[in-house]
Amino acid sequence: MQNVKMVVTGPFSAGKTQFIHTISEIDVVSTERRLSHPADPDKSQTTVAMDFGRLTIDDDLILYIFGTPGQRRFDFMWRILSQGTLGLVVLLDSVRPDTFREAREILNTFQTYADVPYVVVANKQDLPDAWSPEDLRVALRIPRAIKVLPCVATDRESVKEVLLQLLYTILESMDGDS
Amino acid sequence: MALRGNLRDFSATQMLNLISVARKSGTLDIEGVDTQARLLFNQGKLLYAAVGGQDYRLTEVLQRAGKLTEAQSRAIEAQASSSGDRELAWLLLRAGYASRSDIIRGVRAHILRNVFRVFEWSAGTFVFEPNRLSFGDRITVPVDLATVIVAGSRRLREADSFREELPNLDVHLRFTRGAGSRLRKMRMGLDEWRVVSLAGPRNTVREISNQADLSEDQVRRIVYGLMQADLLHVALPEEVPEATSSDRRRKEGARVRGQRPSRNVITRLIDRIRQL
Ligand SMILES: Nc1nc2c(ncn2[C@@H]2O[C@H](COP(=O)(O)OP(=O)(O)OP(=O)(O)O)[C@@H](O)[C@H]2O)c(=O)[nH]1
Ligand SMILES: [Mg+2]
């Protein structure tokens with residue numbers, strides 16, 4: 001039996017838990033805690049340690065999907081979580097420019113330190129006034145070589161497409177290596 | 001689809017760069033702490049800028065720019081049947097009070113003066129409405145936004161943003177793709193040109209500061225403007241050719257390695273997810 005893993009990261013409230021929940025075949029094992037003073041009335045919980053979802057591929061291959069916690073505890077967690085991962089999904093909240101700064105810090109860290117294929121995801125595209133993937137690319141200075149994909153994390157087809165795009169990126173990076 | 005935000009999170013400079021790079025057209029309304037501004041764009045160029053609800057007639061603009069006396073301005077306005085700029089311009093040309101280039105330069109100076117004021121605002125909110133453009137009968141002059149950003153950054157108050165963007169001076173800078181042709185079209189000050197000519201793999205930012213005889217904060221400010229205008233960025237470790245091997249080893253050691261699975265594993269994942 002072989003296990004492989006992917007990691008979903010991004011700023012506070014970007015939709016990481018939702019993304020994993022939408023695709024996982026098990027209930028997301030997560031460590032949510034109620035927010036004592038939610039900035040957003042719809043958001044009552046935040047992830048404090050990490051999320052964890054699973055997808056059985058076939059008789060001897062399982063994909064685990066981990067989600068990092070938001071709330072700026074990212075710096076020490078991401079190293080541990082990214083070690084030995086197939087690839088990373090960096091989720092952005094397309095309607096919250098107040099999280100762009102944190103998103104840029106995350107992206108800068110990857111560009112400097114991570115030899116891991118990744119895609120950037122403009123989540124919550126269903127909301128009015130969502131910034132488009134192309135505007136987010138410019139706003140966050142995401143290099144052309146990195147995909148910025150539109151997504152609605154509550155929609156299974158949309159999440160599937162993101163995972164497929166990440167897998168294609170991983171295949172391309174293998175071509176580059178050989 | 002409007003773009004909304006707060007200047008604290010996404011600065012006016014960043015917004016101008018987005019409009020420039022994405023070649024957007026529309027109206028940017030900024031609500032500052034005690035005054036507002038309206039900026040109009042076409043295809044990524046700034047066309048008009050008004051602060052505090054002002055809506056100056058061409059004669060007022062030229063008078064403020066020192067290109068027209070008060071008496072000339074009054075005489076022209078008395079002849080005009082409306083306050084539309086086109087008629088005023090025609091009357092000015094006919095009276096020989098201003099040339100076509102006086103008018104363009106005067107309007108351009110007025111636009112720049114207004115947009116530069118916005119750079120001083122660090123608090124407030126903005127809304128960009130794409131494709132909405134209305135400036136009545138005002139004469140507009142297209143202004144290159146990279147020029148505005150580089151010059152405007154000199155007026156930024158917040159030294160914090162420079163330090164945040166460029167915490168470490170011992171880094172190299174790299175020109176972004178297409179920067180060369182954009183730079184040739186820009187109007188920049190001498191200090192900016194010196195920094196541009198020294199940037200690249202040969203010098204770190206600290207070395208640029210020494211060679212150009214600029215203080216660290218001055219260099220930070222200029223580099224910040226060039227970075228905001230998407231002309232330069234900090235080079236990644238692998239983009240610096242002469243990094244010593246020990247440097248490189250140290251950087252390699254700090255890097256996090258992903259899992260290198262077989263191609264077969266990835267294609268199985270793809271097949272399964274497609275079927276979901
Ligand atoms: N409309 C919309 N809402 C979404 C989408 N994705 C997530 N949400 C909502 O956004 C809120 C935050 O989602 P979470 O999944 O908790 O975000 P998170 O990234 O796990 O948050 P932290 O763990 O606190 O960092 C929830 O109310 C979700 O239902 C989306 O694509 N569209
Ligand atoms: Mg969560």
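Is it true that some residue in segment A:130-144 is in a strand (DSSP E or B) and out of contact with any Pro (no Cβ under 6 Å at 6 or more places or on another chain)? So far as segment A:130-144 goes, no, none of its residues is in a strand (DSSP E or B) and out of contact with any Pro (no Cβ under 6 Å at 6 or more places or on another chain). Each residue in segment A:103-130 was checked for being within 16 Å of ligand 2 (Cβ to nearest atom) and of a type in the set (Lys, Arg), and 1 pass. Tell me which residues, restricted to segment A:1-21, are open to solvent by less than 20 Å² (accessible area, probe 1.4 Å) and among the polar types (S, T, N, Q). Within segment A:1-21, A:Thr9, A:Ser13 meet the criteria. For B:Arg260, the conditions (1) part of a helix (DSSP H, G or I); (2) modelled with pLDDT of 75 or more; (3) surrounded by fewer than 19 Cβ atoms within 10 Å (Cβ to Cβ) are fulfilled apart from (1). The residues listed here are B:Arg86, B:Arg74; of these, the one that is assigned to a helix (DSSP H, G or I), within 22 Å of B:Asn114 (Cα to Cα) and open to solvent by 70 Å² or more (accessible area, probe 1.4 Å) is B:Arg86. Of the set (1) among the β-branched types (Val, Ile, Thr); (2) within 14 Å of chain A (Cβ to nearest Cβ); (3) in a loop (DSSP other than H, G, I, E, B), all apply to B:Ile19 but (3).
Taking the numbered list (1) part of a strand (DSSP E or B); (2) surrounded by fewer than 18 Cβ atoms within 10 Å (Cβ to Cβ) in turn, B:Asp34 passes all entries but (1). Screening B:Gln63 on (1) without any contact (Cβ under 8 Å) to a residue 12 or more places away in the chain; (2) open to solvent by less than 30 Å² (accessible area, probe 1.4 Å) shows it passes everything except condition (2).
The values are calculated or read from the model by the stated rules, or taken from the named source; none is laboratory data. Predicted model, so just to flag it, every value in this text is computed and none were measured. Counting neighbours? That spans all protein chains shown, and the Cβs are built from the backbone with ideal geometry, glycine included. Only protein heavy atoms, including side chains, enter the accessible area calculation; ligands, DNA and RNA are left aside. Shrake-Rupley method; radii C 1.70, N 1.55, O 1.52, S 1.80 Å.
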